[in-house]
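What follows is a single structure, written as structure tokens, with notes after it.
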Amino acid sequence: MIEIEDVPGLVDPVVIAAFEGWNDAADAASSVVDHLMTVWSARVVGTIDPDEFYDFQVNRPYVGADASGHRRIQWPGTQIAVASPPDLDRDVILIRGIEPNMRWRLFCAELLAACDDLGGNLVVTLGALLADTPHTRPIPVTGTASEPELVDRLKLEQSTYEGPTGIVGVFQDACLRLDIPAVSYWAAVPHYVAQPPCPKATLALLGQLEDLLECSIPLGDLPEDARAWERGVDELAEEDEDVADYVRSLEETRDTADLPEASGEAIAREFERFLKRREGEE
């Protein structure tokens, strides 16, 4: 069981979860939750017992010094935090962890039980995968939802993927089995720059969360980090003719596949986010 600290009654909380590992190409998804924990001043209220779910020869503990200079061992695991964003009329439950090595169904059951104790009534899972997409274009984000109302409002599609899955897929399935409304967003990271971080993909996922929550999220240095990341990949491509040719072929394929109407809708959504963010800053 997860021991949760005493938390005053949360207001209509939404759960946002991401896990390092197979579901988290370039750490793009887990970086979203890291960012939200910082900008929303989240407070950790519970930690899952790692002994039941992790193989420490695969996910090794980390030894280092704490703020007082004392040597401490930090064990791999998963944390639950709560936040009250100032621009949102509901609270948020954040789950940040590592894909477990064993007992996945029990792992999901314990996390969802803890979220239920905190009043969570909507679960949003975040993932990132490697894909044939050019770094010079907007990062594609696909989304699925369990409820027809969410599908219609967010203009999502039911997933048709068949194949191996990770903890995000299992967590999503556990929500469906318990009739918990759930949304899942996946960012497509260019496979030729798979090493973390990928701030451009993290930004793309944050944009989807802004649409879902209907609020602006402080972005901090992420936009500049994303521009610097893209410039860095441009420089790498310029140094290798084969990579440059490959990127150009991906760009042509992407530009041919994207309908003008779809591009116009994407521009309109981004402009709406910009206006909301500016209103929040003012």
So which residue, out of 62, 54, 246, gets the largest mean-square fluctuation from a GNM of the chain using Cα contacts under 10 Å as springs? 62
What are the ³J(HN,Hα) values, in whole Hz, obtained from phi via the Karplus relation 6.51 cos²θ - 1.76 cosθ + 1.60 with θ = phi - 60°, for each residue of the stretch 30-35 in sequence order, with x given for Gly and Pro? 5, 5, 4, 5, 4, 5
Burial ranking of peptide ranges 198-204, 75-81, 171-177 (average Cβ count within 10 Å, highest at the top): 198-204, 75-81, 171-177
Nearest 5 percent is fine: what portion of the DSSP beta bridges confined to the chain is antiparallel? 45
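In debye, nearest 20, what is the charge dipole magnitude of the chain about its Cα centre with +1 on Lys and Arg Cβ and -1 on Asp and Glu Cβ, if you could check?
Details: 22 positive and 54 negative charges, 129 e Å.
Here the chain has a charge dipole of around 620 debye.
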Would you kindly derive the ³J(HN,Hα) couplings of the stretch 240-252 from the backbone phi angles with the Karplus curve 6.51 cos²θ - 1.76 cosθ + 1.60 (θ = phi - 60°), listing them in order in whole Hz, with x for Gly and Pro? 10, 4, 5, 5, 4, 5, 5, 4, 4, 5, 5, 4, 5
Highest-MSF residue in the chain out of 86, 140, 181 [GNM, Cα springs under 10 Å]: 86
Taking placed amide H atoms and a strict 5 Å upper bound, the residues 5 or more places from residue 24 or on another chain that come that close are 128
Please list, ordered by chain and number, the residues whose modelled amide H lies under 5 Å from the amide H of residue 77; skip anything fewer than 5 residues away on the same chain. 98
Quick one: 3J(HN,Hα) in Hz for the stretch 3-16, Karplus 6.51/-1.76/1.60 with θ = phi - 60°, rounded, Gly and Pro as x. 8, 9, 5, 5, 10, x, x, 7, 9, 6, x, 9, 9, 10
Estimated D of the stretch 14-281 in µm² per second, where Rh is the Kirkwood radius over Cα pairs and Stokes-Einstein applies at 37 °C, 0.692 mPa s: 166
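With each run of n ≥ 4 DSSP H residues scored as -39500 (n - 2.57), what mean residue ellipticity at 222 nm is computed for the chain after dividing by its residue count and rounding to the nearest 500 deg cm²/dmol?
-13500 deg cm²/dmol
Throughout, read-outs are computed from the coordinates displayed, never taken from laboratory work. These numbers come from a predicted model, not from an experiment. A quick note on method: Cβ atoms are made from the backbone with ideal geometry, for glycine too, and the neighbour counts reach across all protein chains shown.
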